[in-house]
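Notes for the one structure printed next.
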Amino acid sequence: MKFIDEYQDNKLAKGLAWQIAQRSTKTIRLMEFCGGHTHAILRHGIRQLVPETVGLRSGPGCPVCVTATADLDKAIALAHLPGVILTTFGDMIRVPGSYSSLQQAKAEGADVRIVYSTIDALEIARANPEKSVIFIGIGFETTAPTTAASILQAQHDRLENFHVLSLSKLTPPVMKALLDSGEVKLEGIVCPGHVSVIIGSHPYEFIPRDYGVACVISGFEPLDILLCIDKLVQQIEKGEPKIEIAYHRGVKPEGNRKARQLMEDVFEIGEANWRGIGIVPQSGFKMRGKYEQFDADKAFSVPVKPSREPEGCRCGDVIRGAATPLECKLFRKVCTPERPVGPCMVSSEGACAAYYQFGTPENSQSS
Amino acid sequence: MFRLSYRLTWAKIRDAMCLAVPVKIVSIDGDQAETEIAGVKRRVSIVLTPEAKIGDYVLLHTGYAISVLDQAEAEETLKLLEEIASLSEIH
Ligand code: SF4
């Protein structure tokens, strides 16, 4: 398939791996901030292709995983309200909340439906005018514009029964939060390609400038990731950290103006609650007052008990990059994709699921 | 080295919400477009990429085209990779 097959070529990959090995002298640690990258790195065995000097760690990049348990509990409570149809991306449904899950709510009679797109959620609202349709708006800057577009569409079509529980999050502020905490030392960041399609490269500029950490925006095919690692190693070896794009076919420095405009119209920036990290200032998309009628937080109020995390699950540490899934005692023994204990094993983009599916002793060792 | 037998299917695309895949635009009707990938047709919204034209490849994410892929840049990157590969063969 065009734009996919070319970027999986073995000969070109070997060439890049050779170049990285030539350049790399310092022992470094890189972090990827996108579940798509975590998945691709494990799937294609990228760890085995790069020299031992280059360590790869997964960060908070899986949208389902970073959703705070308290927010999931609220979604589950909303699903139980009479007259509500709760719509969600598929991965959310199996994530254990404090006391239940969306799947369990569905089994208990709540109307919970999986959608692939906000367009499907709008369609359900149109077809069920007597019901209230709530969409769980999780995701990063890649997905937030599609949520914004659905709210504008609902307003245009006067779909008064459509509501969004806005849980979308911003990436650069959580990078800042992790760097400020100093818990995991990093030399470079594999910046998320599809987030950057929307926001461009400018929002990352403070990272090399204020933290001296190299930043390269990467695509998702194996060659894209190797090219990104090569550029990161080059910056670090030279001691010249900056923000570079290694995904030129998709990302422009200014991002997608139209998408940003829609997001700015619909959302304002506020704090957000991240699993394993807590409240991060300026990291959440909140709906502006003028779209209040579509805001599930304003339209409905549900009592939610204090949240609690699954016992023994180290998802929080995994999300911060403070631990790899292999350091969790439950990994593979108790916690599996069939019987997941935490969200990092549920979502196909979660680090635990990726390690479970593709990890072999050589390519999944801690780094 | 890579698991090249791996092919994207719609089931996989639906699975991973932060995934975006390149699809080709075959026709446009207002802010909707008919797209194709590996013989599979799908209607997508182009509200986020009003500049998209017939014949363009766009990145499709949860039902929306989020970016028009730059063909010239894609070829440029591949050329660079070819050069690195031939360099590595000399050594
Ligand atoms: S392996 Fe399971 S229990 Fe352990 S951190 Fe991952 S999701 Fe949580």
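Structure notes:
- Compared with the dominant principal axis of the Cα atoms in chain A, helix A:171-181 is inclined by about 60°.
- Relative contact order %, chain A, counting alpha carbon pairs below 8 Å whose residues are six or more apart: 24 percent
- At most 16 other Cβ within 10 Å, DSSP loop - GluC sites (Glu not before Pro), the range B:20-57: B:51
- Likely footprinting exposure, A:53, A:142, B:77, B:62, fewest C-beta neighbours within 10 Å first: A:53, B:77, B:62, A:142
- Between the range B:34-80 and the range A:251-275, the alpha-carbon centres lie 21 Å apart.
- Among residues other than residue A:307 with Cβ under 11 Å from its Cβ, the summed charge is +1 (Lys and Arg +1, Asp and Glu -1).
- C-alpha long axis of helix A:257-266 to longest principal axis of chain A, angle in °: 40 degrees
- Part-to-part distance (alpha-carbon centres) for the range A:133-171 and the range A:1-77, which is given in Å: 28 Å
- Net length gained if the chain between residue A:183 and residue A:271 were fully extended (0.36 nm per residue, minus Cα distance): 29.6 nm
- Computed over the range B:19-90, Kirkwood Rh from alpha-carbon pairs, angstrom: 13.2 Å
- Close amide-amide hydrogen proximity is noted between residue B:28 and B:34, each under 5 Å apart and 5 or more residues distant or on a separate chain (H modeled in the peptide plane; Pro and chain starts excluded).
- Nearest 10 degrees, 0 to 90: helix A:222-238 Cα axis against chain A principal axis: 60 degrees
- Cα-only Debye scattering, the range A:126-213: base-10 log of I(q)/I(0) at q = 0.12, 0.16, 0.19 Å⁻¹: -0.51, -0.73, -0.88
- Only Lys, Arg (+1) and Asp, Glu (-1) charged, at Cβ; chain A dipole about Cα centre in debye: 400 debye
- Cα-based radius of gyration for chain A, normalised by 2.2 N^0.38 Å, reads 0.99.
- Over the range B:19-90, relative contact order from alpha-carbon pairs under 8 Å, at least 6 apart, %: 26 percent
- Remark: the residue A:290-residue A:131 segment gains 55.0 nm on full extension, using 0.36 nm per residue and subtracting the alpha carbon distance.
- Restricting the range A:126-173 to GluC sites (Glu not before Pro) in coil, as DSSP defines it, with at most 10 other Cβ within 10 Å: A:130
- Using the Karplus relation 6.51 cos²θ - 1.76 cosθ + 1.60 with θ = phi - 60°, the per-residue 3J(HN,Hα) values for the range A:184-191 come to 10, 7, 10, 9, x, 10, 7, 7 Hz, with x marking Gly and Pro.
Values in this text are rule-based calculations from the coordinates and carry no lab data. Note that the coordinates shown come from a computational prediction; the quantities given were computed from them, not determined experimentally. When we count neighbours, we look across all protein chains shown, and the Cβ atoms used for this are built from the backbone with ideal geometry, even at glycine.
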